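Have a look at the structure below before the remarks.
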There are 2 protein chains.
Amino acid sequence: MRLFDMPDSGNCYKVRLMLALLGRRFERIVIDPDAGETRTAEFLALNPYGKVPVLEVSPGEFLPESNAILCHLAEGTPYLPAAGMDRARVMQWLFWEQYSHEPNIAVARHWLKHLELDEARRAELAVRQEKGRAALEALERRLTEADWLAAGRFTTADVALFAYTHVAPEGGIGLNPFPAVRAWIARVEDVPGFVPLSA
Amino acid sequence: MRLFDMPDSGNCYKVRLMLALLGRRFERIVIDPDAGETRTAEFLALNPYGKVPVLEVSPGEFLPESNAILCHLAEGTPYLPAAGMDRARVMQWLFWEQYSHEPNIAVARHWLKHLELDEARRAELAVRQEKGRAALEALERRLTEADWLAAGRFTTADVALFAYTHVAPEGGIGLNPFPAVRAWIARVEDVPGFVPLSA
């Protein structure tokens, strides 16, 4: 399998982490959006939406959307419960991640790390950080009552949420107020097969 | 089953449409966020995230996140392929809807219908409308090559994308430039069991 990848992207890292957990071998093809490499005709032919990650799941079959890739890879493994409420709760967290968590925490991190911020963008940054903290409060509540997000064990939901949560401080969103989140980060890092973002 | 519902919300409508397609009976409990009804202790006890829709899938078991609810209801039915790339493509569209479509089209519609817009909000509205049009262009490309979004048939992906696409004009995003999208809207409205948003 070939992964069209951006080393510092949490969405790409989710996929690398799942592949590592599953012991799947893959080829990394690094794409640089800042150099226009997601806008070439060659790349748009395999993902018309011009975004990474994209996983070539079988020859000529290209799948975008990080959480859809996670579901596809995890199907039939212990990382994705087969049915019922355990499965529904994993899906609940995956959709919540894309709507309420990533657009705030990942975007704040991207702006702080990679962009020059004018005044309007600084105001918007503060809004994203505030919403990011609200997302972390929701995670904190959940992880105060349970060790893992869903199904009583480490699942795809933890993989998806770990990716940007553990680097939230790079978006100016500190983790000190969230002890249960910090303890969960340590648990995820202890899971057999774990690889860090910068591996 | 009880659905905690907001009549004009596309996210709630997705769930009502799926329940209708499946011929499932349910009780509608209308919640008014503007009257603070998603912030009461009673509501937060069943969804700590304070949002609708929430479906009580079995007594005392409350599931939020519209697309997670759709997946849960559609599992084991023709609306959600059981495995492989057909399933992966449905999931791809569902995650894309929550990240690239809903935050632009649904938000533009909500602001235009329900809020007084100051100057800053008007500028942000224009940005959301522009991104909403980009999302419709992506849909148009897909629906020019196929009648349905995934799996060669009407699926959960079409239910999720239909909800806010067909009311995009209420967000100031006209559908005239998108003939394939308009033809698909007519096909969805012809599916046996279809119910409109305002039913």
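Any read-out appearing in this document is the output of simple, stated calculations on the displayed coordinates, not a laboratory observation. Every value quoted in this text rests on a predicted model; they were computed, and no experiment measured them. Neighbour counts are summed over all protein chains in view; Cβ atoms, including those assigned to glycine, are modelled from backbone coordinates with ideal geometry.
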Go ahead and estimate [θ] at 222 nm for the protein assembly as shown from helices alone: -39,500 (n - 2.57) per DSSP H run with n ≥ 4, summed, over the residue count, rounded to 500. -16000 deg cm²/dmol
Antiparallel DSSP bridges in the protein assembly as shown: what percent, to the nearest 5? 65
Just to be sure I understand the model, the point goes 7 Å from the Cα along the line to the Cβ. What's the resulting residue B:25 to residue B:41 distance in nm? 3.4
The size of the Cβ-based charge dipole (Lys, Arg +1; Asp, Glu -1) of chain A about the Cα centre, to the nearest 20 debye, is 380
Work out the length of the dipole vector of the stretch B:8-71 about its Cα centre, built from +1 on the beta-carbon of each Lys and Arg and -1 on the beta-carbon of each Asp and Glu, and round it to the nearest 20 debye. 280
Report the one residue of A:41, B:183, A:115 whose Cα lies farthest in the direction of the positive end of the charge dipole of the protein assembly as shown (charges on C-beta: Lys and Arg +1, Asp and Glu -1; origin at the Cα centre). B:183
Identify all lysines with a Cα-Cα distance to residue A:131 below 23 Å; exclude those on the same chain that are fewer than 8 residues away in sequence. A:14, A:113, B:51, B:131
Under unit Cβ charges (Lys, Arg +1; Asp, Glu -1), what dipole magnitude, rounded to 20 debye, does the protein assembly as shown have relative to its Cα centre? 480
Provide the percentage of antiparallel DSSP beta bridges, counting only those with both residues in chain A; round to the nearest 5. 65
Positive-pole candidate from B:30, B:74, B:50, dipole of the stretch B:2-74, charges at beta carbon: B:74
On a C-alpha basis, how far is the centre of the stretch B:142-186 from the centre of the stretch A:126-199 in Å? Whole number, if you could? 35
